[in-house]
Every structure is written in structure tokens, then in C-alpha cells.
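The values are calculated or read from the model by the stated rules, or taken from the named source; none is laboratory data. Note that the structure is a prediction, hence the values are computed from the model and not measured. Using ideal geometry, Cβ is built from the backbone for each residue, glycine included, and neighbour counts are taken over all protein chains shown.
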């Protein structure tokens, strides 16, 4: 009879990964340090996860940093909430700074790269897709809008600034991005943003 997997070790290892990434960064993360922090052994970890990259992907998927589910019935409000969660997540040491080096490591492993997209990025996309679909049903967004493209337009400024750090993202950045994109793609929500921006400029 196969020995039952001890889930306490699983949790301890993922906790160790999350903590160490924040403390020392992804490049300095080692299996030895993870095992020591988790109170287990490298062989025990290797039986569960084959590589450091797989471990980090698993920890990031579990922690859901930068992911929120929101449904206020207002497209502007919901998108701003999603983008603010993404902004905060990309500034978290366990997500934003990890992604460039992790993606480089995953370049030679298409299977794990696909897993990264499925468990880390896709839940964020689907939460936003649900928001955009509901907005289309309410008439806030044109029915003909390309939802995938609109979603990329929303997320791109956050990710771009987080990765290249050429400009700061202040507490109002999510709001600014939301209004800029909605004004560009049209629909009732876009017209409302345009009116609000115009009124703000007159004050």
C-alpha cells in the first residue's frame, strides 16, 4: 500500500518558499534553504516538486497575490478594483520581482510555462473577463468589443511599469488607467469616464 502524502509537509514547504522569496528574492532561493525553513529534507521536497521553478509556481498559485473577485455592478469600479489589486500584487516581493527571472527560467520548459499561465495568470484574466462580460450585458461596454484585447489594454500599463520600473505607480494609477482605456474603447462607461475627466479638468 502506498504511503499517504503528508499534506503538512506540503503546506510547510510552500510557506517556506513564500517567506524566503520575500526575504532573499527568487534568484537566491535554494532547495537547501527551503528544506531547512520547512523542517524537512530535500528528498522529501523532490518527491513532491521536481524543481525550484515548480515550487515557486505552486506557491504563487496558492497565495493568489494580486487576485481579487469583485462585482459592484459598475464597470469602472470593478476594473479599478482589479487593477489596484494587480498593482499591489506586482509590488509584492513574492510576485512582481519574481516574474521576469522566473519566466526566463521557464523558457526552456514549455510544460511548466503553460502551467504558470494556467494557475497564475489565467485566474486573474478570467476574473476580469467575467467583469467585462457583465458590463456588456448591462450596456456599459459595446457588445462588439474584443474582450481579450480590452483586458490586455487594462493590464498592460500595470505590468509594463512593474517590470521596467521606468515610472512610479501612485495610489491613483489604477483609476487613471481605467478611465483612459474606457474612454478609448467607448460604451456607456467610457462616456462617463470622459465626462468625469472633462469636469475634473475644468475645476
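Each residue in the range 41-78 was checked for being surrounded by 19 or more Cβ atoms within 10 Å (Cβ to Cβ), over 26 Å from residue 114 (Cα atoms) and either without any contact (Cβ under 8 Å) to a residue 60 or more places away in the chain or not assigned by TED's automatic domain parsing to the domain that holds residue 176 (or both), and 1 pass. Inspect the range 119-129 for any residue being outside any helix (DSSP H, G or I), touching a helix residue (DSSP H, G or I) at 6+ places or on another chain (Cβ under 9 Å) and either under 17 Å from residue 77 (Cα atoms) or not assigned by TED's automatic domain parsing to the domain that holds residue 20 (or both) and give the result as yes or no. No, the range 119-129 contains no residue that is outside any helix (DSSP H, G or I), touching a helix residue (DSSP H, G or I) at 6+ places or on another chain (Cβ under 9 Å) and either under 17 Å from residue 77 (Cα atoms) or not assigned by TED's automatic domain parsing to the domain that holds residue 20 (or both). Going residue by residue through the range 29-42, is there one that turns out to be within 22 Å of residue 91 (Cα to Cα) and under 23 Å from the mean Cα position of the chain (by Cα)? Checking the range 29-42: at least one residue is within 22 Å of residue 91 (Cα to Cα) and under 23 Å from the mean Cα position of the chain (by Cα).
Note on the range 170-203: among residues that are part of a loop (DSSP other than H, G, I, E, B) and at pLDDT below 80, the one that is surrounded by the fewest Cβ atoms within 10 Å (Cβ to Cβ) is 203.
Can you list residue pairs whose Cβ atoms sit under 6 Å apart, with the first residue in the range 161-178 being in the same structural domain as residue 84 (by TED's automatic domain parsing) and the second being surrounded by 15 or more Cβ atoms within 10 Å (Cβ to Cβ) and assigned to a loop (DSSP other than H, G, I, E, B)? Count only pairs 6 or more apart in sequence or on different chains. That search, which allows pairs on different chains as well, returns 161/169; 162/96. Any residue in the range 79-88 that is in contact (Cβ under 8 Å) with a residue 40 or more places away in the chain and either in a loop (DSSP other than H, G, I, E, B) or over 30 Å from residue 150 (Cα atoms) (or both)? No, because not a single residue in the range 79-88 is in contact (Cβ under 8 Å) with a residue 40 or more places away in the chain and either in a loop (DSSP other than H, G, I, E, B) or over 30 Å from residue 150 (Cα atoms) (or both). Scanning the range 100-122 for residues that are surrounded by fewer than 19 Cβ atoms within 10 Å (Cβ to Cβ), touching a residue at least 60 places away in the same chain (Cβ under 8 Å) and under 12 Å from the mean Cα position of the chain (by Cα) yields a single hit, 119.
Would you mind stating whether residue 96 is surrounded by 15 or more Cβ atoms within 10 Å (Cβ to Cβ), without any contact (Cβ under 8 Å) to a residue 40 or more places away in the chain and either outside any loop (DSSP other than H, G, I, E, B) or under 20 Å from the mean Cα position of the chain (by Cα) (or both)? Against the criterion (surrounded by 15 or more Cβ atoms within 10 Å (Cβ to Cβ), without any contact (Cβ under 8 Å) to a residue 40 or more places away in the chain and either outside any loop (DSSP other than H, G, I, E, B) or under 20 Å from the mean Cα position of the chain (by Cα) (or both)), residue 96 does not qualify. The sole residue among 32, 23 that is at pLDDT 95 or above, in a helix (DSSP H, G or I) and more than 19 Å from residue 63 (Cβ to Cβ) is 32.
Check the range 37-45 and report whether any residue there is in a helix (DSSP H, G or I) and under 29 Å from residue 165 (Cα atoms). Scanning the range 37-45, I find no residue that is in a helix (DSSP H, G or I) and under 29 Å from residue 165 (Cα atoms), so the answer is no.
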